[in-house]
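Accompanying notes for the structure given below.
The values are calculated or read from the model by the stated rules, or taken from the named source; none is laboratory data. The structure presented is a predicted model; accordingly, all values stated were derived computationally and were not measured. Note that each Cβ is placed from the backbone with ideal geometry, even for glycine, and that neighbours are counted across all protein chains shown. Quick note on the areas: whole protein, heavy atoms, side chains included, nothing else; ligands and nucleic acids left out. Shrake-Rupley method; radii C 1.70, N 1.55, O 1.52, S 1.80 Å.
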Amino acid sequence: MLSTLRSASLFSSLILLSIFNYACAEDPFVFYDWKVSYITASPFGVKQQVIAVNGQFPGPILNVTTNWNVVINVRNDLDEPLLLTWNGIQHRKNSWQDGVLGTNCPIPAGWNWTYDFQVKDQIGSFFYFASLNFQRASGGYGGIVINNRNVIPVPFGTPDGDITIFIGDWYTKSHKELRKDVENGIDLGVPDAILFNGLGPYRYDQALVPDGIGYHTINVEPGKTYRLRVHNVGIATSLNFRIQNHNLLLVETEGSYTVQQNYTNMDIHVGQSYSFLVTMDQNGSSDYYMVASPRFVNSSAWAKATGVAILHYSNSQGPASGPLPDPPNDLDTFFSMNQARSIRWNVSAGAARPNPQGSFRYGQITVTDVYVLLNRPAELIDGKWRTTLNGISYLAPSTPLKLAQQFNIPGIYKIDFPNGLMNRPPKVDTSIINGTYRGFMEIIFQNNDTTVQSYHLDGYAFFVVGMDYGVWTENSRGTYNKWDGVARCTTQVFLSWNLAPEAHILQLSSVFWYFFGLYSSQGIKKVVIYWWKWTSQPKLVFPKWKATVFVHSIS
């Protein structure tokens, strides 16, 4: 009897211990309440209406750790519908939280919506933003930091500080005015300013910068090393980021640890995010300029659109002085491409998991689908100026694509997006790519426009395997980097240059470049990918045994 009781007691203890261990092993939840509203601010010395999150412009930083569950209740206090999208977050097993028209109905004014997602198997630097109606031109953005779990080593020493920096073009016109201009075929033109964390430039030149403009200052200690997470949150302008007399050690981009290399400056294109380690190794005799200046522009009018912030040592003896650090030569068309090619995946480092990043051998995949996506300058279609991919300008239906797919609603979209440019007039249509379940895609982007294009793959990542001038041919595959091309979610396609990527249902590798998303001077276009199981953001849906990619416009 005593033996039986002891056995029962031991059995009960084992059950309780198992339950306790299971409960402790569950990934934690974090909860937030955010209110998105208008506030009055003066980013460029002129009072204007900006979009704030919890009264902050830029919004609060979402700081979480790999595998945490994030629950954010968002109340829309704007006067128009709202969606927040989580740029670069891979919504595994849940494509309903992405915050774009492909998956979500907009949050009506005065209503709220609760986003609930897990940052499964991710680390790195990202940002969120308002994805509808050109609202990002008025703010509504903030940073996302996903930290490594303690059990996963980081491939560099713990920095002495972690600093998020938002750079981006800014207009004193409201997003509603800019939206109307774009719809009428009016180019955005030269921005009024380049902002650093929501503030205008330091007055480095009295002839170019008006008096009375607030500027951003970053306070540092001499001898310390800081991690700077830099995001281009603008709407159209590629920017070159640099710090006077300091090197930028690149360590991570959009969730991938990179081969560590020093740069004196870095071209950061619209939608891109980079992490640098910067050591404060100067003598502190003065403050130092931090600069974000436009790239690939050919007008002196752009000189005034230079963002300048201040790096302030605690022992600084005076203000920053002298000329700004030199940007790359815009006439050197190879500089930016060669710099982009130099960014490599750190194949020996672990990231969200202990196994090395390079253990996924993307270069050995068998490609199942190939698409050459060509964009051209805006064309007049049915009386409106519209940009296209392969001659199709995406028309967002009133029913989100994901809902139409989930409930088998006919007539909402067509699975007929062409593999290349068709010999026919451009048209407006709700046309999506018909992908292969568990297949790999190779996508080549051909930029025939006059501006640099940024492409973004919502909810997923791709490998950038190559880029070059001219027209892609099948012989271009011989130049692909099939070993350490970096995996990321946003890439650029230069003027008359092409990029291609190869994609897997879980990983996209690129032949030139790989994305689904385009930010152009005509507005923001996004190509998104969805997976029934792995999910992405807007436009690619993989139901149980088939997948679809959507190319759509968010503007």
Filter pass, Leu62 being farther than 19 Å from Gly124 by Cα, open to solvent by less than 30 Å² (accessible area, probe 1.4 Å), under 20 Å from the mean Cα position of the chain (by Cα) and not β-branched (Val, Ile, Thr) | no
Determine whether Gly139 is small (Gly, Ala, Ser), within 13 Å of the chain's Cα centre (by Cα) and under 30 Å from Leu277 (Cα atoms).
-> no
Residue among Ile365, Ile310 that is surrounded by fewer than 20 Cβ atoms within 10 Å (Cβ to Cβ), more than 19 Å from His269 (Cα to Cα) and β-branched (Val, Ile, Thr) = Ile365
Based on what the data block shows, is Thr225 out of contact with any Ser or Thr (no Cβ under 9 Å at 6 or more places or on another chain) and more than 25 Å from Phe129 (Cβ to Cβ)?
-> no
Residue among Gly45, Gly88 that is touching a residue at least 24 places away in the same chain (Cβ under 8 Å), touching a strand residue (DSSP E or B) at 6+ places or on another chain (Cβ under 9 Å) and open to solvent by 10 Å² or more (accessible area, probe 1.4 Å) | Gly45
Would you mention how many residues in region 65-84 are part of a strand (DSSP E or B) and either over 17 Å from Gly99 (Cα atoms) or open to solvent by 30 Å² or more (accessible area, probe 1.4 Å) (or both)?
-> 3
List pairs: first in region 263-279 and closer than 16 Å to Leu311 by Cβ, second modelled with pLDDT under 95 and of a type in the set (Val, Ile, Thr), Cβ under 7 Å, 6+ apart or cross-chain?
-> none
Single residue of region 418-450 satisfying the filter (within 19 Å of Asp382 (Cβ to Cβ) and in a loop (DSSP other than H, G, I, E, B)) that is least open to solvent (accessible area, probe 1.4 Å) = Thr430
Which residues, counting only those in region 158-212, are in a loop (DSSP other than H, G, I, E, B), β-branched (Val, Ile, Thr) and touching a Ser or Thr at 6+ places or on another chain (Cβ under 8 Å)?
-> Val190
Here is a list of conditions, (1) within 19 Å of Ile39 (Cα to Cα); (2) surrounded by fewer than 17 Cβ atoms within 10 Å (Cβ to Cβ), and Asn150 meets all of them except one; can you say which number that is?
-> (1)
Only one of these is within 30 Å of Asn147 (Cα to Cα) and open to solvent by less than 30 Å² (accessible area, probe 1.4 Å): Gly350, Gly318. Name it.
-> Gly350
Can you name the residue in region 102-126 that is open to solvent by 10 Å² or more (accessible area, probe 1.4 Å) and at positive phi and, of all such residues, is modelled with the lowest pLDDT?
-> Asp121
